[in-house]
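The values are calculated or read from the model by the stated rules, or taken from the named source; none is laboratory data. Remember, predicted model here, so these are calculated numbers, not experimental data. As a convention, Cβ positions derive from the backbone with ideal geometry for all residues, glycine included, and neighbour counts pool all protein chains shown. The area values use the complete protein model at the heavy-atom level, side chains included, leaving out ligands, DNA and RNA. Shrake-Rupley method; radii C 1.70, N 1.55, O 1.52, S 1.80 Å.
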Amino acid sequence: MVEEELDGVHAVNASFKFRLEGRPDDVRLDPSLAGGALMDVGCYAVSAARLFLGEPDRVYAHERDSRGAGVDTDLMGILEYDDAMAHVDGSFDAPEVQRYRVEAENGWVEAQPAFDVAADAPATLSYSIDGHEDTERFGPVDQYAEQVTAFANCVDSGAEPRTGGTEAIANMRVIDALYESAARGVPVDVA
């Protein structure tokens, strides 16, 4: 829909946030295990921005460690492109939000919840394109079971998974740049 029906995509806003409470020893708060909100949930927002806009030229980020754990518990970033931008964020300190919204000259597309829809919950995709607004609903599906089945099928057939190692490396390149920007307090080129 974004590729075929939206003209002039110029912005993506993607967020994945939740409250990580009552678990001070959670692995997500362990710096030696690459913990942090960006690595745990913000990575999905980065992946969504890249899906719709491609690889950014530069990033700028700010992080917060509300627990003194040595990892980001909130991270907000801006991904810069020649003619577009994305806002991405992940948090352990906010009410649950899982969404992305793609903005274009002739409309928008929004998914909420977007990333970790419960196996027994429906998903929705809302949009407004050329003045036509609608919301599509999709029945429940166990996305993790589907991922395991798809991976097993790739192993059996020798096919490459839809999101293989190259995709993971590209996403980490942006994540690393966001962390560098947050640490230095300046925009960072994505290498």
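At-a-glance table
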read-out: Residue count for the range 168-191, restricted to those that are more than 17 Å from residue 89 (Cα to Cα), free of Cβ contacts under 8 Å to residues at least 40 places away in the same chain and in contact with a helix residue (DSSP H, G or I) (Cβ under 9 Å, 6 or more places away or on another chain); value: 1
read-out: Candidates 102, 117, filtered to the one that is over 18 Å from residue 172 (Cβ atoms), aliphatic (A, V, I, L, M), assigned to a strand (DSSP E or B) and open to solvent by less than 50 Å² (accessible area, probe 1.4 Å); value: 102
read-out: Pick from the range 155-190, criterion open to solvent by less than 50 Å² (accessible area, probe 1.4 Å) and of a type outside the set (A, V, I, L, M, F, W, C), ranking: nearest to residue 54 (Cα to Cα); value: 171
read-out: Residue count, the range 124-146 (criterion: closer than 17 Å to residue 98 by Cβ, part of a helix (DSSP H, G or I) and open to solvent by 90 Å² or more (accessible area, probe 1.4 Å)); value: 1
read-out: Flag for residue 3 being charged (D, E, K, R), loosely packed, with under 13 Cβ neighbours inside 10 Å and not in a loop (DSSP other than H, G, I, E, B); value: yes
read-out: Pairs with Cβ under 6 Å, 6+ apart, first in the range 56-76 and touching a residue at least 12 places away in the same chain (Cβ under 8 Å) and among the β-branched types (Val, Ile, Thr), second outside any loop (DSSP other than H, G, I, E, B) and exposed (fewer than 15 other Cβ atoms within 10 Å of the Cβ); value: 71/31
read-out: Residue selected from the range 8-26 under the condition over 20 Å from residue 114 (Cα atoms) and open to solvent by 90 Å² or more (accessible area, probe 1.4 Å), by the criterion modelled with the lowest pLDDT; value: 24
